[in-house]
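Visitor: The structure's right below; bear with me while I get my questions together.
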């Protein structure tokens, strides 16, 4: 399933990009619904290329039908991202810790300035390989991604309002 998600921020692209890669902010994302505390595994910068690997855990409610197929305690994954800091673009892939044969997800994002802040557009492809219900699960996951993106944008803006851009004095 192809998807596109748009996030609007009240801050400029540099500040948003720096915040999304800030270890303090990544830890703060534990406030977002349905996620456990994110774990920053890798943060490496070489020139304008930044590599991030962050482990997430789903802690929301699952239907009984879904729980018959997957163990909620095993719904963890690593988001592996490569960010081009100069162009404000990124590529990512989701790597499940468990159930890797059931889920594939990868895509790109671009963060651009607007007159009143910035917008990040994420495009991706999500595949759930579960007979009969894969399409419904894909739609549910994309809906969750959209919900997460909206909450994340609000958290970025409130973080920047309270802390200023990372590295600001």
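The values are calculated or read from the model by the stated rules, or taken from the named source; none is laboratory data. Here the structure is a predicted model, which means the values were calculated and not measured. Positions of Cβ are generated from backbone atoms using ideal geometry, with glycine treated the same way; all protein chains shown enter the neighbour counts.
Visitor: Specify the residue that is farthest from residue 18 (Cα to Cα); the eligible residues are those in the stretch 118-130 that are buried (at least 17 other Cβ atoms within 10 Å of the Cβ) and modelled with pLDDT of 95 or more.
Guide: Checked the stretch 118-130; the qualifying residue farthest from residue 18 (Cα to Cα) is 124.
Visitor: Which fully enclosed strands (runs of 3 or more DSSP E) of the stretch 1-89 have 1 or more residues being within 13 Å of the chain's Cα centre (by Cα) and in contact (Cβ under 8 Å) with a residue 24 or more places away in the chain? Please lay out each step first, then the result.
Guide: On the way: elements: 2-9, 39-46, 49-57, 76-84.
Per the criteria, 2-9, 49-57, 76-84.
Visitor: So residue 150 passes all but one of these: (1) in a helix (DSSP H, G or I); (2) within 12 Å of residue 16 (Cβ to Cβ). Which condition number does it fail?
Guide: (2)
Visitor: State which residue is modelled with the lowest pLDDT when the search covers only the stretch 90-107 and only residues that are part of a loop (DSSP other than H, G, I, E, B) and surrounded by 15 or more Cβ atoms within 10 Å (Cβ to Cβ).
Guide: Initially, the stretch 90-107 is screened for residues part of a loop (DSSP other than H, G, I, E, B), giving 97-102.
Now drop any that are not surrounded by 15 or more Cβ atoms within 10 Å (Cβ to Cβ), which leaves 99, 102.
Values: 99: 80, 102: 85.
Result: 99.
Visitor: Determine if the stretch 77-84 includes at least one residue that is closer than 20 Å to residue 26 by Cβ, out of contact with any strand residue (DSSP E or B) (no Cβ under 9 Å at 6 or more places or on another chain) and modelled with pLDDT of 80 or more. Walk me through it before giving the result.
Guide: Filtering the stretch 77-84 down to residues closer than 20 Å to residue 26 by Cβ leaves 77-84.
Filter again for out of contact with any strand residue (DSSP E or B) (no Cβ under 9 Å at 6 or more places or on another chain), leaving none.
No, the conditions are met nowhere in the stretch 77-84.
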